[in-house]
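Take a look at the structure below.
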Amino acid sequence: MESLEYLMHGFAVALQPMNLLWAFIGSALGTAIGVLPGIGPALTIALLLPVTVSIGPTSAFIMFAGVFYGAMYGGSTTSILINTPGEAGSMMTALEGNRMARRGRGAAALATAAIGSFVAGTLATFALTFVAPFVAELAFVFKPADYFALIVLAFCSVAVVMGNSRTRGLISLFLGLAMGVIGIDKLTGQPRLTFGQAELLDGIELTVVLVSLFAIGEILFVVSRYDPGKEQPLSVSGKWMTKQDFARSWKPWLRGTAIGFPMGTLPGGGSEIPTMLSYTLERKLSKHPEEFGHGAIEGVAGPEAANNAAAAGVLVPLLTLGLPTSATAAVLLAAFQNYGLQPGPNLFTSNADLVWGLIASLYIGNIMLLVLNLPLIGMWVKLLSVPKPQLYAGILIFALIGIWGVSGSEFDLIVMVIVGVAGYVMRVYDFPIAPVLIGMILGPMAEFQLRTALTAAQGNPATLVETPISITFLTIAALIFIVPMLVKRLRQRA
């Protein structure tokens, strides 16, 4: 009941006229960037960080949440109409959605994606309302050693799960950890990895790295593979959902939500795994398995619901433990730090207006997004006609101006270009970007918790495995490495 009372207070915050306006701007902007291929919520929020410094944190995060949810809705449009998933979570939607569009059922595919997103987003937000306070209460019993073990688990899962190679994932993670320790050591006062550059004594600004990796690295990668001949969108043809379509879609919506939300809460869970699981499950349970591969509506409804439910699940560890489980969550954590806030159990008491206003805005944003996506889909499709060279050039200029406007530092611009080019090289050679961000953000936190634990135990490393919580987290982290290796060897022997 307490959660409902807090939620009502959150609605009082979210329904303020200015916050409603920011929610609408975020939802509309999120849908637009979801529709445009190659531009995701992480890039958009990273670009907005330098220009939202004058906005209050509550309004800013309500807008960021709208961008996050809106991109999930808009991503289905490109997947269905041009077979180009804007986000990894939309890959499974493209499999059946694009084939539906080619069969003249594009309108039905877009409708089941939009309604499924609304159903999953609302149910997952309802789960977030009650799960997040419970997890936050549990987090109060965590000791420094427990937090360190939890962060180690996040490192292991992110490095192994994100990307196609565990080695590349670990290299990306250690690169992020190295960037996170640049500057003066707060305990000893000694400079670390500054190479004699006075500008590095305060470390590398996180906003610069975020904008560099996404606005420069990602855009250069997208542009290098740009093929205008491939982007010929199909028309939004056919009828909207029939009674039979609803009958075949509502169960996949619910099953996708049940799969996506818990998977989103796990470190490294992301949206790729739940959407794949949902697609596989729907294919097995479908009464029309012969349609899969030729445009089965269940193959759109289930994965799209899982995708949006996972987005809400990502917010649970982020808000309650300060633990990002995806690239977008890492950018949101950086946004919190930009405002001098640290997500965790204390956030629910020290910044209740922000947390509950944010959660309440997700309910409001879902309604806005349904209205924006169903009747106005034709308007969003027109965004696909925007010339991509001019669009990407505009993003790069906006990124450079944003960083210059905040810091006014030539050194930051140089770092931005260097990191951006490095990010492009990483993408070319299939090094995942998310571990870099998570290593850079969580690295200093892991170091602080480790030092605190060892100081309290007078340097005895056994303190790291004294509590059941830390033993559990470290065991899971070890299994994440060991189990895939064992499975691979068993398959080779078989």
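Quick notes on this one:
- Length added when fully stretched, Ala456-Val53, from 0.36 nm per residue minus Cα-Cα: 141.3 nm
- Descending by average beta-carbon neighbour count within 10 Å, the peptides 457-464, 322-329 line up as 322-329, 457-464, the highest first.
- Cα-centred dipole magnitude for the chain, charges only on beta-carbon of K, R (+1) and D, E (-1), debye, nearest 20: 1680
- Take each peptide in 249-256, 118-125, count the other Cβ atoms within 10 Å of every residue, and average; sorted highest first, the result is 118-125, 249-256.
- Built amide H within the under 5 Å cut-off of Phe431, gap 5+: none
- Residue-normalised accessible area of the chain, expressed per residue, 1.4 Å probe, Å²: 43
- For peptides 287-295, 169-177, sequence by mean Cβ density within 10 Å, most packed first: 169-177, 287-295
- 0 to 90° range, to nearest 10: angle between helix 166-180 axis and the chain longest Cα axis: 50
- Cross-link pairs exceeding 27 Å in C-alpha to C-alpha distance, out of Lys143/Lys186; Lys287/Lys488; Lys243/Lys287, comprise Lys287/Lys488.
- Relative contact order [Cα under 8 Å, 6+ residues apart], the chain, whole percent: 29
- Amide hydrogen neighbours beyond the local backbone of Arg192, cut-off 5 Å, H modeled: Gly183, Ile184, Asp185
- Carbon + sulfur, % of accessible area of the chain - ligands and nucleic acids excluded, 1.4 Å: 67
- Total formal charge among the other residues, if their Cβ is under 15 angstrom from that of Ala154, Lys/Arg +1 and Asp/Glu -1: -2
- Nearest-20 debye value, the range 348-494 charge dipole, Cβ charges on Lys, Arg, Asp, Glu: 800
- With Cα atoms, 0 to 90° folded angle of helix 17-35 axis to the chain main axis: 70
- Measuring between their Cα centroids, the range 418-494 and the range 209-225 lie 26 Å from each other.
- Helix-derived mean residue ellipticity, 222 nm - over the chain, DSSP H n ≥ 4, -39500 (n - 2.57), to 500: -23500 deg cm²/dmol
The values are calculated or read from the model by the stated rules, or taken from the named source; none is laboratory data. Note that the coordinates shown come from a computational prediction; the quantities given were computed from them, not determined experimentally. Cβ: placed from backbone, ideal geometry, glycine included. Neighbour counts: every protein chain shown. Calculation scope for accessible area: heavy atoms of the full protein, side chains included, ligands and nucleic acids excluded. Shrake-Rupley method; radii C 1.70, N 1.55, O 1.52, S 1.80 Å.
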